[in-house]
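In what follows, a single structure is set out as structure tokens and then discussed.
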Amino acid sequence: DTGSGVSITGGALTWSSCAMGADNRVSRSIGTTLDADDWIMRFKFNVSGWNIPNQWVLGCVNTIGNPDATTQDMIGVVVSEDYKLRLATKTDSGAYYNQGATGDVTSAISTDTDYYVELARTSPTNARLRYYANADFTGQIGSDVDVTITSGISGLANLQTGVQSGGSASRTLTATLNNLQIWDSVTSVPSLSYPDLPNGTIFNETDTYKY
């Protein structure tokens, strides 16, 4: 972790009046390098307070570092100064709003409300943002945000937040993110499947023969 105001607390990514104007961020390894064609990321996001924020909520990135100054490939979600969620990308050392693809959802989000966010890479040159009202990812709010992205974005093996480090420290975010899930090399979220077993089925261990 770098700077202050954002940390992992109680299993949740937590912003506590996290201010712009400094290199405040959290990063973690995904444990694999995401496919350059298809993947899906989902999480729950809740804002409890803000003042003209402009911060990366979460991005998939190849190289960890200050997102305003590090040369890096990134695809992620930003909460922007107009209080909307934005799909953002970057491919060099500049801030996301000076380059790459951006797209707004159709309306501003509200405080003290759970939003269920889905970010997907759907091809080497396309990414999609959706958000929902319900924990089972139903009740989509607004329309899909489909954005053409640079095909060379690759090597995404880390997760990272980040602020506009050159901005005003009076611009802050207080929020939580949890229930993060990532599916690699898929075009849709896999459905859970269960064996169709009759009532009363008994299992036993083949090595101990215990039931």
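The values are calculated or read from the model by the stated rules, or taken from the named source; none is laboratory data. Just so you know, these numbers come straight off a predicted model, no measurement behind them. Don't worry about glycine lacking a Cβ; one is built from the backbone with ideal geometry, like all the others, and counts go over all protein chains shown. Accessible surface is based on the protein model in full, side chains and every heavy atom, while ligands, DNA and RNA are left aside. Shrake-Rupley method; radii C 1.70, N 1.55, O 1.52, S 1.80 Å.
Taking 25 Å as R0, compute the FRET efficiency from the Cβ-Cβ separation of residue 35 and residue 92 and round it to 0.05.
Working: r = 22 Å, r/R0 = 0.89.
FRET efficiency, residue 35 to residue 92: 0.65.
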Item to complete: Under 1.5 on a/c is rounded, so check that first for segment 1-50, then, if it is not, pick prolate when a/b is larger than b/c and oblate when it is not; a ≥ b ≥ c are the square roots of the alpha carbon gyration tensor eigenvalues.
Response: prolate
Practice prompt. Can you pull the one-decimal nm distance between simple spin-label points at residue 12 and residue 188, each 7 Å off the Cα toward Cβ?
Written response: 3.2
Item to complete: If a/c stays under 1.5 just call it rounded; otherwise compare a/b with b/c (prolate if a/b is bigger, oblate if not). Do that for segment 1-121, with a ≥ b ≥ c from the square roots of the Cα gyration tensor eigenvalues.
Response: rounded
Worksheet item: Put +1 on the Cβ of every Lys and Arg and -1 on every Asp and Glu Cβ in the chain; which of 156, 198, 18 then has its Cα farthest towards the positive end of the dipole?
Response: 18
Response to the item:
So the carbon and sulfur contribution to the accessible area of the chain, 1.4 Å probe, in percent, is 46
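Please work out the FRET efficiency for the pair residue 106 and residue 202, using the Cβ-Cβ distance as r and a Förster radius of 35 Å; give the result to the nearest 0.05.
It comes out at approximately 0.10.
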Fill in: Zone residues, segment 51-82, relative to residue 2, backbone N less than 12 Å from point 7 Å out along Cα-to-Cβ
63-72
Item to complete: Compute the accessible area per residue over segment 52-193, keeping the other protein chains in place, probe 1.4 Å, unit Å².
Response: 39
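Relative contact order of the chain: what whole-number percent is it, with Cα pairs under 8 angstrom and at least 6 residues apart? Mind dumping the intermediate values first?
Values: 550 pairs, mean separation 68.7, N = 211.
Result for the chain is 33 percent.
Show 8, 153, 141 ordered by accessible area, largest first, where the area counts protein heavy atoms only and the probe is 1.4 Å. Can you show the working numbers first?
Details: 8 80, 153 0, 141 45 Å².
The residues order as 8, 141, 153, largest area first.
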Worksheet entry | Set of segment 20-55 residues, backbone N closer than 12 Å to the point 7 Å along the Cα-Cβ line of residue 169 | 20-23
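Quote to one decimal, in nm, the extra length available between residue 180 and residue 114 on full extension: 0.36 nm per residue of separation minus the C-alpha distance between them. Intermediate results must be reported in sequence, preceding the final value.
Working: separation 66, 0.36 × 66 = 23.76 nm, distance 1.35 nm.
Additional length available on full extension: 22.4 nm.
Counting Lys and Arg as +1 and Asp and Glu as -1, each charge on the Cβ, what is the dipole of the chain about the Cα centre in debye, to the nearest 20?
Working: 12 positive and 21 negative charges, 77 e Å.
Roughly 360 debye, rounded to the nearest 20.
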Fill in: Options (1) 38, 19, 15; (2) 33, 20, 18; (3) 41, 18, 15 - which one matches semi-axes √(5λ) of the Cα gyration tensor in Å as calculated here
(2)
